1. Using DSSP to call loops (not H, G, I, E or B), can you name the GluC sites (Glu not before Pro) in region 223-331 whose Cβ has at most 11 other Cβ atoms within 10 angstrom?
2. What share of the DSSP beta bridges in the chain is antiparallel, in percent to the nearest 5?
3. Name the aspartates and glutamates eligible as straight-distance cross-link partners of LYS12: C-alpha to C-alpha under 14 Å, and not fewer than 8 places from it in the same chain.
4. Separation between the GLU294 and MET225 pseudo-spin-labels, each 7 Å from Cα along Cα→Cβ, expressed in nm?
5. Springs between alpha-carbon pairs under 10 angstrom, Gaussian network model over the chain: which of SER172, SER234, SER26 fluctuates most?
6. As a test question: what accessible area, to the nearest 10 Å², does TYR190 have when a 1.4 Å probe is rolled over all protein chains in place?
7. Just how much of THR126 is accessible, in Å², when a 1.4 Å probe is used and the result is rounded to the nearest 10?
8. Run the accessible area of the chain with a 1.4 Å probe and give the carbon-and-sulfur part as a rounded percent.
Amino acid sequence: MSDYQKLLDEAKNAATEAQSTEELSSARADFLGKKSSLTDAKKNLGLLPESDRASAGKELNEIRKLVEEVFEDRAKSLQNEAWNLQFENERLDLSERFESLRRGHLHLITQARDHLEDVFVGMGFTVAEGPEVETAWYNFEALNIPDWHPARGNFDTIFVNLGDPEEVMLRSHTSPVQVRTMEKHKPPIYVVAPGRTFRTDSADATHLPAFNQIEGLVIDKGITMGDLAGTIDSFVQAFFGSEVKSRLRPSYFPFTEPSAEFDISRPDGSWLELGGCGMVHPNVLSNCGIDPEEWQGFAFGFGIDRLVAMRYQLDDIRELVVNDARFLRQF
Ligand code: FA5
């Protein structure tokens, strides 16, 4: 029995030492093959007294089974090692590919629009929306621009071939949302309305044919031009930081009286026109069913694309629409 235990230990050592299937099968032959001590012992069973043969044979079979298991176990672990090595060698390094599949992000304009909404919501405004295809009533007439009015020409409108001529158009500004809001809601009103706007303008460094504006409208009691100037100033500070200044210049819009254009300061000291604003014209209030004797308000509308160009110091606003991923990825 102790001989068998020794044999089993030796078999384990030999199996563990074998580093390949060839080495293992030669070790296995040493312990279980024709010339092995176990095979000899089996041959010699016949030499034993008959009374001992059965138990000795049983014992021999058991030890043989144990030795076989030792080699089978080692064969399995060698196979696993070989597979692991093969997997390791054949593994494709895809990390570089994943690296180049960078996660996308929102476009600069969308980021700016979200940021603008946040700034105005922080100032107590709510966000409104309107359609991009409008009728002459919303885009012009209700805004105090009748069809004979020369100001219609300022808007370089893109008309849509629906209904009467020049009746349906891509909105040329976000001001129609003022009208839609006043028609639907009673004052006090504090809304901003960002959205896409369209004009026949040719694309250049400061113009796009499809661009974005954000409209603001406040209707309440006792509102003055001072509230307008203060609101614009607070917004400019919140959006750009305290180093950027804003100024109002007298201007003309049919839907506001008095009207102004507002500019913001560039780092080089020059000014960039960002938008128009003014006190809502009494005719506009009346057109929307609001009594101008009771309510006053101001409105403003400015270009989001220009604002982005200014904030990120882009020399050319067209960068925003050519969709060069190398450019967009920077932001
Ligand atoms: C208007 O569109 C008025 N609705 C603004 C307004 C609203 C005035 C409420 C008073 C009260 P204007 O045409 O100036 O005004 O355009 C406003 C801003 O839109 C411009 O200052 C500019 O920032 C931007 N903008 C106009 N045209 C383009 C264009 N083609 N490309 C990019 N931005 C433009």
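The values are calculated or read from the model by the stated rules, or taken from the named source; none is laboratory data. The structure displayed is predicted, hence computed values, not measured ones. Cβ atoms come from the backbone with ideal geometry, glycine included; neighbour counts cover every protein chain shown. We work out accessible area using only protein heavy atoms, side chains counted, and drop any ligands, DNA or RNA first. Shrake-Rupley method; radii C 1.70, N 1.55, O 1.52, S 1.80 Å.
1. Those satisfying the criteria are GLU243, GLU293, GLU294.
2. 95 percent
3. Candidates past the 8-residue exclusion: GLU23, ASP30, GLU68, GLU69, GLU72, ASP73.
4. 2.7 nm
5. SER26
6. Per-residue accessible area (TYR190): approximately 80 Å².
7. 80 Å²
8. 51 percent
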